[in-house]
1. Where in segment 311-328 does the label zone of ARG148 land, with the point 7 angstrom along Cα→C-beta and an amide N cut-off under 11 Å?
2. Which of the DSSP-defined H helices in the chain satisfy a minimum axial length of 20 Å, computed from C-alpha atoms, and a minimum mean Kyte-Doolittle hydropathy of -1.0?
3. Normalise the Cα radius of gyration of the chain by 2.2 N^0.38 Å (N = residues in it) and let me know the number.
4. Could you tell me what percent of the DSSP beta bridges with both partners in segment 123-335 are antiparallel, to the nearest 5?
5. Find which of SER111, ALA92, LEU169 sits farthest along the positive direction of the dipole of the chain, computed with +1 on the beta-carbon of Lys and Arg, -1 on that of Asp and Glu, about the Cα centre.
6. With loop defined by DSSP as not H, G, I, E or B, and exposure as at most 16 other Cβ atoms within 10 Å, which is the longest segment of the chain clear of exposed GluC sites (Glu not before Pro)?
7. Please report, in debye to the nearest 20, how large the charge dipole of the chain is about its Cα centre when each Lys and Arg carries +1 at its beta carbon and each Asp and Glu carries -1 there.
8. Can you quote the Å³ per residue value for the convex hull of the Cα atoms in segment 232-349, rounded to an integer?
Amino acid sequence: MIRLSRLWRRGGELSRTAGNARARWTARESLVLELRDEDGRRGQGEASPLEGYSPDSIDAAERALEALRELRLPEPAGPELPALDVPLSPSARCAFETAWLDLAARRAGRSLPALLGAEPAARAAVGALLPAEPLAAQLAAAEEAWRRGFRSLKVKLGAVGGWEAELDLLGALRRRFGPELRLRADANGAFCPGELPSRFRDLEPFGLELLEEPVSGRDWRDVPEAPFLLAADESLQRLEPELFEAFRRGVARVAVLKPTTLGGPASCLALAKRLAPLRVRPLVGHAFEGPLAFAAGAALALALAPELASGLDRHVGLSAWPEVELPFAPGPELRSWEAPGLGLSLEPP
């Protein structure tokens, strides 16, 4: 039988501020969940809700996961997850799914990407996120990312400066790196439907690959066609009918899958499968989580083998865990690993 053996909090200050159009973060806190089988093998997962972004809180996740202490679950025989009578918040569900899959993979002597269906030598392209800092600092970060081999860069709109300054940044990036650059922008739902035609016209000259979350929730009903791909991110947390209609119409054509906010890697795989008949492309992203959630996202990206580069560069959230190595993410691509499960495990302080 499988039982919850340990649950602890871990947090730390970030090496620099993370942010978007709506919030700033200077620290991250996580819950680490550990499951064990009768032979002492363990699987770990992480709940790292991001305040002001995730649909739940770390306190809600902790209450939900504490309720698992009373459960005794059958041993995993594969990637299928057991039914739970205990309701779990999205980040708590992510911790449980990750820990269960990690344990299942370790029992089978397989890596988590392989358990989820990735090819043995799978690779997945990665894009870099520019920091929420003034223009000069973003240009310097872009130069460093380009030097490291990244050819996909993302700018957070509304995070620093006004609209004209952001257009100047996009123009500077396009001029500096030319057509080889796959340039992305993320509005985090900050636009109003009525202003989208003018926003799209302003952005069109820069040859964007995609724009993430131009609006949120039910506002997808009024989104017009764009001269670049539109991606849903935060809106996937609620799955309003208006968003599905935007997928059906082909207005929204990309789904940004973040296990922390959507319930875990298995839940994200199920959502990708649900959206596949609508020809919606998956793209795996992060919410500045710690290493366990990052590894779970990497396994998901390797299993999905998406056409679009994932957003899983080594982000600033990992600076709260400086002692943890992530050899599967050396730079502009993710590489599948041979070690069982997540390929890493953590110990409480």
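None of the figures in this text is laboratory data; all of them are computed from the coordinates on show. Worth saying up front: this structure is predicted, and the values here are computed from it rather than measured. Every residue, glycine as well, gets a Cβ built from its backbone with ideal geometry; the counts of neighbours run over all protein chains shown.
1. Taking a point 7 Å out along Cα→Cβ of ARG148, the residues of segment 311-328 whose backbone N falls under 11 Å are 312-316.
2. Correct list, ordered by number: 90-108, 163-177.
3. On the way: Rg = 19.7 Å, N = 349, 2.2 N^0.38 = 20.4 Å.
Cα-based Rg divided by the globular estimate yields 0.97.
4. Numbers: 3 of 23 bridges.
Antiparallel: roughly 15 percent of the beta bridges in segment 123-335.
5. Positive-most Cα among the choices belongs to SER111.
6. Working: sites that count: GLU38, GLU51, GLU80, GLU225, GLU307, GLU323, GLU325, GLU338.
My reading of the result: 81-224 is the longest stretch.
7. Values: 44 positive and 49 negative charges, 118 e Å.
Computed about the Cα centre, the dipole is about 560 debye.
8. Values: hull volume 13.1 nm³, N = 118.
About 111 Å³ per residue, rounded to a whole number.
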